[in-house]
Amino acid sequence: MRSLALIAALAGVASAAPPGAVRVAGGMYTSPLPQGAMADVAPFWLDREPVTNAQFLAFVTARPAWRRDRIATLYADPAYLARWAAPDRLGARARPRAPVVEVSWFAARAYCAWRGGRLPGEAEWELAARDAPDDISWYEQPVPDVLPDISGGAGIADLHGLVWEWIDDFSAAPSGEKMSCGGGAIGAADPGAYTTFLRFALRGALEARSTMSSLGFRCAYDERSR
Amino acid sequence: MGTRTATVAGVLSKICLSLVVVAAACHREPAPPPPAPAAPPPADVTSTPTGEPIVAQLTSAPAVPTRPYRQHPAHVIVNLVVKEVIKEISPGTRYAFWTFGGDVPGKFIRVRQGDVVEVHLKNDPSSKLVHNIDFHAVVGPGGGAMSSMTAPGHESQFTFRARYPGLYVYHCATAPVPMHVANGMYGMILVEPPEGLPRVDREYYVMQGEVYTTGAYHAPGLQDFDMNKGIDERPTYVLFNGAEGALVGDKALSAKTGDRVRIFIGNGGPNLVSSFHVIGGIFDTVYPEAGAVPQHNVQTTLIPSGGAAIVELTMDVPGTFTLVDHSLFRAFQQGAVGQLVVSGPTRDDLLTAKQFDRPYDGTEYAGGMVVPQISAAPTGPLDDAGRLELGKATFGRICAMCHQPQGQGVAGTFPPLAGSDYLASAAHDTIIGHVLHGLQGPVTVNGATYNGAMPPMQFLSDDEIAGALTYVRSAFGNHLDAVKPAEVAKVRNRTASAP
Amino acid sequence: MIQILMFLVAAIAAPAESLYTLPVQLHAASGKTVGLDVARGHPVIVSMFYGSCPAACPALIDDLTRVLAEAPDARVVLVSFDAARDTPARLRQLAREHHLDARWTLAAADERDARAVAAVLGMRYRKLANGEYWHTTAIVVLDKDGRPIARSDRLGDHAALVAALRRS
């Protein structure tokens with residue numbers, strides 16, 4: 001991770017590269033879903049890996065208001081960090097190098113703000129994930145009791161196939177009859193984009209305080225915000 | 001004089017009595033008409049439920065919950081848990097199903113028309129996906145789907161009034177809906193009319209559905225969903241109740257002879273229409289498409305994708321009755337078979353087992369000739385003249401094809417009968433044997449050797465053979481004695497019982 | 001009707017913390033930058049809209065006008081998610097067009113803060129290709145300290161909202 005940041009810095013990028021992040025070139029993003037607008041996505045930086053349990057533990061230690069025994073019910077549902085052994089200890093079900101899950105949108109946002117970043121938007125995330133291998137078999141299978149560690153590897157890791165990931169504008173995902181039954185296909189640019197439909201269906205059903213055993217996140221950073 | 005007076009008095013008194021009677025009769029009120037039978041009050045399907053809510057008893061296929069016996073609508077609570085599970089669809093082959101209640105098809109729900117149904121849809125925390133539910137019994141956008149989008153680890157609640165009686169499919173309607181249905185998210189809800197369905201002895205719940213896997217039929221291991229096969233409507237499996245063998249062997253449906261069996265049969269799809277048939281059964285009643293108007297005496301009924309039917313059969317004959325989708329490759333190659341085993345005393349008066357097994361040597365097709373089926377020997381005994389007539393006709397129809405109409409034969413191929421020295425010298429039994437059993441191998445007639453194959457003609461009756469031989473032996477210049485039917489019978493029986 | 005009240009009553013049964021803890025900056029029609037707690041001390045109805053909305057938002061304003069007529073102590077905070085078009089000047093114009101009195105605060109939030117307000121209200125919106133927005137309805141009633149006591153997801157419920165305000 002450090003070497004990538006160094007390379008990025010040496011490449012003459014105006015701002016210092018955020019540690020652990022990779023620059024994503026911008027481009028046109030068209031949602032394959034109905035009512036999908038086109039967006040011209042500006043270049044941005046994205047975490048190479050999802051946020052881990054170890055990283056999130058450091059966050060709640062530094063910001064105790066986000067510990068599971070102190071957090072406002074406004075900002076997370078009762079399953080927030082439920083698999084951790086204690087509010088300040090990971091335990092067997094939350095491996096340090098596994099992605100953190102059971103976090104709400106508010107908690108994810110707060111973490112990214114603490115790191116000097118933010119959550120990626122839908123267009124940014126989908127653009128970055130467009131060419132990553134996306135195997136539908138992951139979507140079919142229930143969640144294991146203990147999540148595996150981040151796989152690592154070149155480029156941006158685990159965008160698909162490890163955990164769902166929060167985006168900043170999840171509340172922009174269509175809900176209701178737009179996503180129900182056949183209605184989901186009306187006007188869709190690509191009704192065969194099943195995995196995309198599955199992501200949108202999830203986002204359309206989430207609330208900001210929701211937590212899920214397979215929902216984590218990673219952070220994005222503006223090009224010049226640092 | 002006294003007598004006459006008495007008589008007059010008698011007459012008068014009779015007259016007066018009659019008058020009194022008549023008068024009395026005139027003054028009686030006309031009898032009121034008998035009261036008309038009171039029309040039964042309409043069943044209550046609209047009142048607001050009072051009393052404690054009832055928690056609905058939900059069952060896994062093939063079981064069906066007991067009928068609700070209620071005079072009035074109730075407040076019914078339905079607790080339905082969505083669980084994503086990996087199950088076997090065939091020994092050694094597994095698939096990741098998404099289920100209502102842990103099984104495919106989902107739990108059966110049974111309510112009464114007019115009930116106010118409060119649905120609690122819970123999505124297990126271990127689920128990967130959001131799910132919801134669309135009840136075809138519900139009128140309103142999405143059939144409940146929009147009121148029930150539920151993320152893993154959450155519960156949604158909504159309420160509807162079951163206004164329409166019938167048997168309705170429910171299914172998950174989250175995008176992409178074909179995948180959610182293909183992965184097992186379908187079930188049925190029965191909204192019973194207030195008077196209840198007519199009584200039967202057994203009720204069963206069966207639902208057909210397809211599975212689309214990347215691997216071939218019976219490929220082992222955990223199989224993935226194949227969207228392209230789904231789009232092309234080429235399933236790998238077509239199953240009753242979510243697995244091969246779900247209704248087979250020790251899991252077969254059961255009944256006793258005399259039972260009236262009702263099957264609530266649904267079709268989750270997502271693509272195919274089913275041609276539902278019970279082999280050896282006739283549906284004496286079908287509610288096509290689970291509507292209100294019954295049909296009778298139906299062999300095979302269509303069940304639309306996303307639809308259902310109610311079928312009833314009376315099982316009078318014992319045995320194993322196979323349930324199939326009569327698009328038969330689905331039954332044979334893709335798993336669409338189930339069984340209904342009926343036990344009880346045999347009913348030979350309705351269907352016998354095999355009664356006879358006789359040898360059949362294909363004599364209808366003799367050496368390339370198609371020999372017309374000859375009906376049974378004419379009823380009633382024949383006299384000699386009649387037999388000769390029959391024999392002449394038989395010769396013309398059959399023997400002449402080879403031996404020619406004048407018995408002249410074909411040189412080198414078929415021996416002549418006219419003036420045949422063989423015919424003149426052979427014993428009756430030998431000649432009869434040739435007709436009954438055929439003749440193979442060389443035979444010399446009038447100095448020429450013939451080495452063909454005369455086919456057996458056991459299908460000819462004794463009268464026909466005796467008549468034909470008698471004709472041949474007295475025609476074409478032959479002056480040989482007649483052959484009797486009893487002789488033919490003797491040869492026939494002798495060789496039949498020969499070891 | 002009864003169902004709506006039951007739903008609203010259910011919201012009351014699980015009180016959450018005050019929404020005023022949410023650190024957002026709203027650009028009000030007055031030109032000032034305010035927080036969600038701009039009307040703290042009064043019961044408040046909070047919702048979201050955008051000024052160019054052709055039908056649903058005028059209907060929302062209509063509903064809330066009726067509510068205020070029967071609950072004079074209440075205040076309304078309407079947050080626009082279309083800050084680009086709903087400038088303070090535009091917001092003042094809208095207030096004039098709808099004859100909104102001083103009990104109304106119209107304000108716009110930048111993109112990230114708008115998402116945060118939507119998050120606490122349970123509101124969804126999406127910008128469409130033609131510049132319009134698809135959005136749901138989320139109307140939340142807060143007590144004097146900003147704690148949510150009732151919520152509605154449809155228009156035309158003003159009687160139920162009045163009842164909730166009377167209880168606060």
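Considering only residues that are more than 19 Å from A:L159 (Cα to Cα) and either assigned to a loop (DSSP other than H, G, I, E, B) or among the hydroxyl-bearing types (S, T, Y) (or both), which ones fall in region A:112-126?
A:R115, A:G116
Could you count how many residues in region B:222-268 are in a strand (DSSP E or B) and either aliphatic (A, V, I, L, M) or modelled with pLDDT under 95 (or both)?
Matching residues across region B:222-268 total 8.
If I filter region A:48-92 down to residues being touching a Gly at 6+ places or on another chain (Cβ under 6 Å), touching a residue at least 60 places away in the same chain (Cβ under 8 Å) and away from every other protein chain (no Cβ under 13 Å), which single residue comes out as farthest from C:V117 (Cα to Cα)?
Ranking the candidates gives A:R48 first.
So C:D157 fits all but one of (1) away from chain A (no Cβ under 14 Å); (2) farther than 20 Å from C:E17 by Cα; (3) touching a strand residue (DSSP E or B) at 6+ places or on another chain (Cβ under 7 Å); what number is the exception?
(3)
Which strands (runs of 3 or more DSSP E) sit wholly inside region C:40-157 and have at least 1 residues that are of a type in the set (A, V, I, L, M, F, W, C)?
Result: C:44-49, C:75-80, C:104-109, C:133-135, C:139-142, C:148-152.
Give me the residue from region B:161-198 that is more than 28 Å from A:P174 (Cα to Cα) and among the hydrophobic types (A, V, I, L, M, F, W, C) and, out of that set, surrounded by the most Cβ atoms within 10 Å (Cβ to Cβ).
B:M188
Cβ-Cβ below 6 Å, separation at least six or inter-chain, first residue in region B:137-153 and within 7 Å of chain A (Cβ to nearest Cβ) and without any contact (Cβ under 8 Å) to a residue 40 or more places away in the chain, second buried (at least 24 other Cβ atoms within 10 Å of the Cβ) and assigned to a helix (DSSP H, G or I): which pairs?
Cβ pairs passing all conditions: B:M149/A:A205; B:A151/A:A205.
Kindly indicate which of B:L121, B:L80, B:L129 is touching a helix residue (DSSP H, G or I) at 6+ places or on another chain (Cβ under 7 Å) and within 30 Å of A:V163 (Cβ to Cβ).
None of the other options fit; the residue is B:L129.
Go through B:A489, B:A426 for me and flag whichever is more than 52 Å from the chain's Cα centre (by Cα) and surrounded by fewer than 17 Cβ atoms within 10 Å (Cβ to Cβ).
B:A426
Return the residue satisfying two criteria in turn: it lies in region C:103-136 and is in contact with a Lys or Arg (Cβ under 6 Å, 6 or more places away or on another chain) and more than 8 Å from chain A (Cβ to nearest Cβ), and of such residues it is modelled with the highest pLDDT.
C:R103
Examine region B:111-121 for a residue that is within 14 Å of chain A (Cβ to nearest Cβ), in contact with an Asp or Glu (Cβ under 9 Å, 6 or more places away or on another chain) and buried (at least 21 other Cβ atoms within 10 Å of the Cβ), and state whether such a residue exists.
Yes, region B:111-121 contains a residue that is within 14 Å of chain A (Cβ to nearest Cβ), in contact with an Asp or Glu (Cβ under 9 Å, 6 or more places away or on another chain) and buried (at least 21 other Cβ atoms within 10 Å of the Cβ).
The values are calculated or read from the model by the stated rules, or taken from the named source; none is laboratory data. What you see is a predicted model; the values in this text were computed from it and never measured. So basically every Cβ, Gly included, is an ideal-geometry build from the backbone, and we count neighbours across all protein chains shown.
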